[in-house]
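A.B. asks: I am attaching a structure below and will ask some questions about it afterwards.
The values are calculated or read from the model by the stated rules, or taken from the named source; none is laboratory data. Remember, it's a predicted structure, so these values are computed and weren't measured experimentally. Note that we place each Cβ from the backbone using ideal geometry, even for glycine, and neighbour counts take in every protein chain shown.
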Amino acid sequence: RKEVEQDPGPFNVPEGATVAFNCTYSNSASQSFFWYRQDCRKEPKLLMSVYSSGNEDGRFTAQLNRASQYISLLIRDSKLSDSATYLCVVSAYSGAGSYQLTFGKGTKLSVIP
Amino acid sequence: EAQVTQNPRYLITVTGKKLTVTCSQNMNHEYMSWYRQDPGLGLRQIYYSMNVEVTDKGDVPEGYKVSRKEKRNFPLILESPSPNQTSLYFCASSLPPHQGGEQFFGPGTRLTVL
């Protein structure tokens with residue numbers, strides 16, 4: 001069974017803090033990696049894709065370590081609006097030209113004033 | 001406006017009464033999928049489709065059927081719903097995942113099976 005494991009959380013951090021989320025995946029043939037954000041009772045939305053060389057988008061930095069099968073997300077200078085659940089997502093070839101997506105269970109972040 | 005629509009948004013039904021949840025996207029995406037989300041279990045893929053007439057089982061396909069007769073539509077069918085299918089369901093569409101496609105999710109359908 002292909003697994004994607006995340007820190008269970010919840011993470012309760014003060015405004016302005018730096019917080020890091022980790023994610024490991026079991027399928028070494030995984031090809032694409034993403035972080036999604038989900039607000040309570042809402043649909044998930046893409047936060048950022050994760051590239052092999054690592055990538056940054058404002059206060060958010062994502063890194064990928066293929067050797068260790070590990071993905072991370074760093075949020076700097078946390079804002080109240082960052083409070084949400086963060087989902088790690090992995091895509092892998094599933095045969096016959098198809099690709100399957102596997103979601104981690106998510107890590108809940110609460111940023112406190 | 002680019003979007004994924006699902007209907008109904010909320011549904012309460014009884015065991016054994018066949019139902020269909022519709023999903024439609026207007027972005028000409030090849031890849032579509034259905035997920036269910038349950039507390040403590042996260043999002044789990046039910047079925048996915050790489051293109052018209054191509055569908056594959058995800059992690060939890062039992063009790064569900066899908067069809068992909070047109071590119072824009074991907075209905076989820078519960079032939080004989082049971083209480084363990086009470087859940088929050090999301091449909092999503094994207095470019096093929098290996099092309100790094102962002103998943104666009106519908107607003108969700110909250111299903112209760114009594």
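A.B. asks: Do you know which of the residues in segment A:70-100 that are among the polar types (S, T, N, Q) and at pLDDT 95 or above is farthest from A:G9 (Cα to Cα)?
C.D. replies: Checking each candidate, the answer is A:S81.
A.B. asks: Could we say that A:S78 is outside any strand (DSSP E or B), among the polar types (S, T, N, Q) and in contact (Cβ under 8 Å) with a residue 60 or more places away in the chain here?
C.D. replies: Against the criterion (outside any strand (DSSP E or B), among the polar types (S, T, N, Q) and in contact (Cβ under 8 Å) with a residue 60 or more places away in the chain), A:S78 qualifies.
A.B. asks: Mind listing just one residue for me: the one in segment A:74-84 that is of a type outside the set (D, E, K, R) and touching a strand residue (DSSP E or B) at 6+ places or on another chain (Cβ under 7 Å) and, of those, nearest to the other protein chains (Cβ to nearest Cβ)? So that I can check it myself, show each step before the final result.
C.D. replies: As a first pass, look at segment A:74-84 and keep what is of a type outside the set (D, E, K, R): A:74-75, A:78, A:80-81, A:83-84.
Imposing the further condition that a residue be touching a strand residue (DSSP E or B) at 6+ places or on another chain (Cβ under 7 Å) reduces the set to A:74-75, A:78, A:80, A:83-84.
Values: A:L74: 21, A:I75: 20, A:S78: 23, A:L80: 24, A:S83: 18, A:A84: 14 Å.
So the residue we want is A:A84.
A.B. asks: Also, quick follow-up: For the condition within 13 Å of chain B (Cβ to nearest Cβ) and touching a residue at least 40 places away in the same chain (Cβ under 8 Å), what is the one hit in A:A17, A:A29?
C.D. replies: Residue meeting the stated conditions: A:A29.
A.B. asks: Among the residues of segment B:69-84, is any in contact with a Pro (Cβ under 8 Å, 6 or more places away or on another chain), surrounded by 15 or more Cβ atoms within 10 Å (Cβ to Cβ) and aliphatic (A, V, I, L, M)?
C.D. replies: Taking segment B:69-84 as the starting set, the residues that turn out to be in contact with a Pro (Cβ under 8 Å, 6 or more places away or on another chain) are none.
No, segment B:69-84 has no match at all.
A.B. asks: Let me ask you something else. Name the single residue that is farthest from A:Q38 (Cα to Cα) among those in segment A:85-113 being part of a strand (DSSP E or B) and away from chain B (no Cβ under 14 Å).
C.D. replies: A:I112
A.B. asks: Give me the strands (runs of 3 or more DSSP E) completely within segment B:41-114, filtered to those with at least 2 residues that are among the charged types (D, E, K, R) and either within 14 Å of another protein chain (Cβ to nearest Cβ) or more than 13 Å from the chain's Cα centre (by Cα) (or both), ordered by residue number.
C.D. replies: Here the list reads B:54-57.
A.B. asks: Moving on to the next point. Scan segment A:74-113 for residues that are over 26 Å from B:W34 (Cα atoms) and under 10 Å from the mean Cα position of the chain (by Cα) and jot them down.
C.D. replies: Within segment A:74-113, just A:L74 meets the criteria.
A.B. asks: Within segment A:32-61, which residues are more than 18 Å from B:L95 (Cα to Cα), of a type outside the set (F, W, Y) and part of a strand (DSSP E or B)?
C.D. replies: Once the filter is applied, which keeps residues that are more than 18 Å from B:L95 (Cα to Cα), of a type outside the set (F, W, Y) and part of a strand (DSSP E or B), segment A:32-61 yields A:R37, A:Q38, A:N55, A:E56, A:D57, A:T61.
A.B. asks: Give segment A:33-64 a look and list any residue that's crowded, with 18+ Cβ neighbours inside 10 Å and over 12 Å from the mean Cα position of the chain (by Cα), or say none.
C.D. replies: A:E43
A.B. asks: Could you grab me the full set of residues in segment B:19-40 that are within 24 Å of B:T112 (Cβ to Cβ) and away from chain A (no Cβ under 13 Å)?
C.D. replies: B:L19, B:T20, B:V21, B:T22, B:S24
A.B. asks: Give segment B:31-59 a look and list any residue that's in contact (Cβ under 8 Å) with a residue 12 or more places away in the chain, more than 20 Å from A:R37 (Cα to Cα) and surrounded by fewer than 18 Cβ atoms within 10 Å (Cβ to Cβ), or say none.
C.D. replies: B:N51, B:V52, B:E53, B:V54, B:D59
A.B. asks: Here is a follow-up. Is at least one residue of segment A:67-81 crowded, with 17+ Cβ neighbours inside 10 Å and touching a Pro at 6+ places or on another chain (Cβ under 7 Å)?
C.D. replies: There is no residue in segment A:67-81 that is crowded, with 17+ Cβ neighbours inside 10 Å and touching a Pro at 6+ places or on another chain (Cβ under 7 Å).
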